[in-house]
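Accompanying notes for the structure given below.
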Amino acid sequence: CFILADGMGGHVGGSVASQMAVDAAKLSISETQSFDSRALMDALSVANASVSECLSVNPEFEGMGTTLVLAAFVDDRLFWLSIGDSPLFGINDRFELSRLNQDHSMKPVLDALVETGDMDPTSAEYRQQSNQLRSALMGDEIDLYELNDVGVPISDWKYFLMASDGLETLSTKEIESVVKKHSKKGAGAIGLGLIDAVDNKHNRKQDNVTLIVLEAREFGR
């Protein structure tokens with residue numbers, strides 16, 4: 001099981017929320033006797049409770065929260081639970097990138113309005129709202145999350161990529177190009193290549209980038 005969290009609520013608050021969520025989810029998963037969808041849901045509940053408890057004794061962190069992606073390899077399939085906008089990608093043998101999990105930001109909602117002609121994608125409203133989260137782990141009731149307990153076959157993919165949304169400074173084509181370029185050197189080289197590509201953009205408003213690159217064949221039979 002691999003876990004990624006991207007904090008929100010300022011530098012300190014976001015760091016605390018994301019670390020607490022990861023630690024709590026990791027402990028919950030490690031205590032599971034047999035893996036099933038309940039194990040993922042329990043990890044989410046424990047992580048959320050941990051954030052809630054922290055807020056109760058540290059009111060100065062009010063507004064902190066985190067995204068959370070739990071990706072688990074079981075019996076030649078990948079299962080996941082996610083909340084927020086941190087992407088889980090699959091990359092096939094042709095180095096084509098596909099997002100596997102749902103995006104809980106406003107972007108999919110606004111894109112639907114663009115398709116119907118009700119919103120201009122170049123408008124200030126679109127730019128200002130597209131990164132707003134519809135759901136995150138904030139210690140209160142969770143209204144929106146994704147549990148995929150059907151999974152996808154590991155054999156359908158060459159790599160899996162978990163990331164914070166800061167990676168999306170790169171376009172789909174740019175990510176695919178970096179993965180292909182470094183694929184012969186392994187997952188570690190791909191990860192470093194992606195970070196370098198983001199740095200080379202020299203974006204003054206660059207959000208933090210955290211990522212996990214997983215070679216699919218390492219987890220299949």
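The values are calculated or read from the model by the stated rules, or taken from the named source; none is laboratory data. Computed from a predicted structure; not experimentally measured. Note that each Cβ is placed from the backbone with ideal geometry, even for glycine, and that neighbours are counted across all protein chains shown. Heads up: the accessible areas ignore ligands, DNA and RNA and are worked out on the full protein's heavy atoms, side chains in. Shrake-Rupley method; radii C 1.70, N 1.55, O 1.52, S 1.80 Å.
Here is how the numbers come out for the structure above:
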item: Those residues of the stretch 66-94 which are open to solvent by 10 Å² or more (accessible area, probe 1.4 Å), more than 27 Å from V178 (Cα to Cα) and touching a strand residue (DSSP E or B) at 6+ places or on another chain (Cβ under 8 Å), in sequence order; result: V74
item: Qualifying residue in the stretch 106-113 (condition: farther than 29 Å from V46 by Cα, touching an Asp or Glu at 6+ places or on another chain (Cβ under 9 Å) and not basic (K, R)); result: yes
item: Subset of the stretch 95-129 (residues that are of a type in the set (G, A, S) and surrounded by fewer than 17 Cβ atoms within 10 Å (Cβ to Cβ)); result: S98, A112, G117, S123, A124
item: Residues located in the stretch 19-60, provided they are in a loop (DSSP other than H, G, I, E, B) and open to solvent by less than 20 Å² (accessible area, probe 1.4 Å); result: none
item: Filter result for P153 (at negative phi and at pLDDT 95 or above); result: yes
item: Qualifying residue in the stretch 165-174 (condition: in contact with a Ser or Thr (Cβ under 8 Å, 6 or more places away or on another chain), among the basic types (K, R) and open to solvent by 30 Å² or more (accessible area, probe 1.4 Å)); result: no
item: The stretch 130-148 - residue that is open to solvent by 50 Å² or more (accessible area, probe 1.4 Å) and over 17 Å from the mean Cα position of the chain (by Cα) and, of those, nearest to A163 (Cα to Cα); result: D143
item: Filter result for I29 (in contact with a Lys or Arg (Cβ under 8 Å, 6 or more places away or on another chain) and among the hydrophobic types (A, V, I, L, M, F, W, C)); result: no
item: Which listed residue, of D23, D93, D75, D36, is at pLDDT 95 or above and under 28 Å from D156 (Cα atoms); result: D93
item: Residue under evaluation N203, criteria (1) out of contact with any helix residue (DSSP H, G or I) (no Cβ under 7 Å at 6 or more places or on another chain); (2) farther than 28 Å from L55 by Cβ; (3) surrounded by fewer than 16 Cβ atoms within 10 Å (Cβ to Cβ), criterion not met; result: (1)
item: Restricting the stretch 6-18 to residues that are small (G, A, S) and open to solvent by less than 40 Å² (accessible area, probe 1.4 Å), the residue that is nearest to A49 (Cα to Cα); result: A17
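Per-residue answers, yes or no, for (1) aromatic (F, W, Y); (2) more than 18 Å from the chain's Cα centre (by Cα); (3) farther than 18 Å from L147 by Cβ:
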site	(1), (2), (3)
S18	no, no, yes
V22	no, no, yes
A39	no, yes, no
N48	no, no, no
R77	no, yes, no
